[in-house]
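Structure record follows, encoded as structure tokens.
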Amino acid sequence: MLEALRRTGIGGVELRLSAGEIADPAMTRRRRREVRATIEEAGVVVTGVASYVRVASDLPDDLVLGALVAALSVAADLGAPVVRVFPGAPTRPAADDVVPVLLESGAQVADRAARRLDAVAPYAAECGVVPALETHDSHPTGALIAEILGRVQSPVGAIWDLVHPWRVGEPLADTWAALGPWVTGGRGSVQVKDADLPDCATPLPVGQGRLPTDPFAALLVEVGYAGTVTLEWERAWHPEAAPLEEACHSLRRWADRHWPARDEIR
């Protein structure tokens with residue numbers, strides 16, 4: 001992975017917090033330090049840790065908060081400034097192109113998620129890590145994520161995954177208007193990906209699918225976004241996807257078209 005980043009001029013990586021991955025939840029603290037040292041020696045920055053904590057789920061508080069504290073600890077040891085979390089509220093089954101219906105009121109769900117994010121704030125501050133809520137599952141749009149984040153009293157961020165607001169019809173400008181305050185200032189990031197959605201979810205090199213990757217970049221340039229842009233390459237679930245290095249080359253070409261003066265991308 002580090003060799004692919006070096007050869008394609010990409011200076012950062014977001015690590016997925018999952019069993020069998022580079023950032024394995026079962027790692028000892030010694031192993032975390034070793035992984036961090038290896039990445040830093042390669043001149044690469046860990047831009048974030050992608051956890052699977054669902055802060056709006058209907059699980060008991062102690063399970064959710066325990067998982068979030070553990071994710072914050074791993075991120076701190078790896079030198080990551082951000083931990084990705086999902087909403088994950090219970091919903092009715094829904095097609096991919098519609099926002100799912102919550103099984104509880106939106107206010108109840110948002111309050112629960114905000115309460116949990118506030119509860120871990122002291123530990124997050126101690127770790128120097130910010131939880132960032134991604135447009136995903138029960139809350140696929142920027143507007144819905146903002147409903148939660150607007151209730152949080154402590155430092156928190158957002159991650160704009162291009163796919164999910166787009167697939168349910170939220171215009172790019174509306175997503176930015178909702179999430180801008182929580183994506184900027186080092187508190188969050190944006191994710192780009194491409195695929196022949198809705199027909200096929202297999203990741204494609206940036207620019208070869210149907211997602212609005214160029215309008216997305218144009219908007220980021222227009223608003224002066226200077227934060228992390230992450231390519232989410234889900235080959236673990238789609239082994240037929242191109243190798244990582246090919247995907248990284250496509251990201252490099254896409255970035256060079258829109259940010260020609262930016263030497264390093266993450």
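Looking only at segment 144-167, count how many residues are in a loop (DSSP other than H, G, I, E, B) and either closer than 23 Å to residue 207 by Cα or touching an Asp or Glu at 6+ places or on another chain (Cβ under 9 Å) (or both). Before you say what the answer is, go through the steps one by one.
Going through segment 144-167, the residues in a loop (DSSP other than H, G, I, E, B) turn out to be 150-156, 162.
Narrowing further to those that are either closer than 23 Å to residue 207 by Cα or touching an Asp or Glu at 6+ places or on another chain (Cβ under 9 Å) (or both): 151-154, 156, 162.
Residues in segment 144-167 being in a loop (DSSP other than H, G, I, E, B) and either closer than 23 Å to residue 207 by Cα or touching an Asp or Glu at 6+ places or on another chain (Cβ under 9 Å) (or both): 6 in total.
Kindly check whether there is at least one residue in segment 186-196 that is surrounded by fewer than 17 Cβ atoms within 10 Å (Cβ to Cβ), within 18 Å of the chain's Cα centre (by Cα) and under 24 Å from residue 255 (Cα atoms). Don't jump to the end; show me each part of the working.
So in segment 186-196, the residues surrounded by fewer than 17 Cβ atoms within 10 Å (Cβ to Cβ) come out as 186, 196.
Add one more test, that the residue is within 18 Å of the chain's Cα centre (by Cα), and what stays is 186.
Subset that is under 24 Å from residue 255 (Cα atoms): 186.
Checked against the condition, which is being surrounded by fewer than 17 Cβ atoms within 10 Å (Cβ to Cβ), within 18 Å of the chain's Cα centre (by Cα) and under 24 Å from residue 255 (Cα atoms), segment 186-196 yields at least one hit.
So residue 187 fits all but one of (1) touching a strand residue (DSSP E or B) at 6+ places or on another chain (Cβ under 8 Å); (2) assigned to a loop (DSSP other than H, G, I, E, B); (3) farther than 27 Å from residue 106 by Cα; what number is the exception?
(3)
From 47, 28, 38, which residue is β-branched (Val, Ile, Thr), closer than 26 Å to residue 255 by Cβ and surrounded by fewer than 19 Cβ atoms within 10 Å (Cβ to Cβ)?
38
Out of everything in segment 238-256 that is in contact with a helix residue (DSSP H, G or I) (Cβ under 8 Å, 6 or more places away or on another chain) and of a type in the set (D, E, K, R), what residue ends up being farthest from residue 204 (Cα to Cα)?
This residue is 252.
Quick check: anything in segment 225-240 on the phi > 0 side of the Ramachandran plot and either free of Cβ contacts under 8 Å to residues at least 40 places away in the same chain or under 17 Å from the mean Cα position of the chain (by Cα) (or both)?
No.
In segment 1-23, which residue that is closer than 14 Å to residue 74 by Cα and touching a Leu at 6+ places or on another chain (Cβ under 8 Å) is surrounded by the fewest Cβ atoms within 10 Å (Cβ to Cβ)?
21
If you go through segment 58-77 one residue at a time, do you hit one that is under 20 Å from residue 161 (Cα atoms), hydroxyl-bearing (Ser, Thr, Tyr) and surrounded by 14 or more Cβ atoms within 10 Å (Cβ to Cβ)?
no
Looking at (1) over 13 Å from the mean Cα position of the chain (by Cα); (2) surrounded by fewer than 24 Cβ atoms within 10 Å (Cβ to Cβ), can you tell me which one residue 175 breaks?
Every condition holds for residue 175 apart from (2).
Among 220, 211, which is in contact (Cβ under 8 Å) with a residue 24 or more places away in the chain and closer than 25 Å to residue 155 by Cα?
None of the other options fit; the residue is 220.
Read-outs throughout are calculated quantities, based only on the coordinates presented, and are distinct from any laboratory measurement. The structure presented is a predicted model; accordingly, all values stated were derived computationally and were not measured. Neighbour counts run over all protein chains shown; Cβ positions are idealised from the backbone, glycine included.
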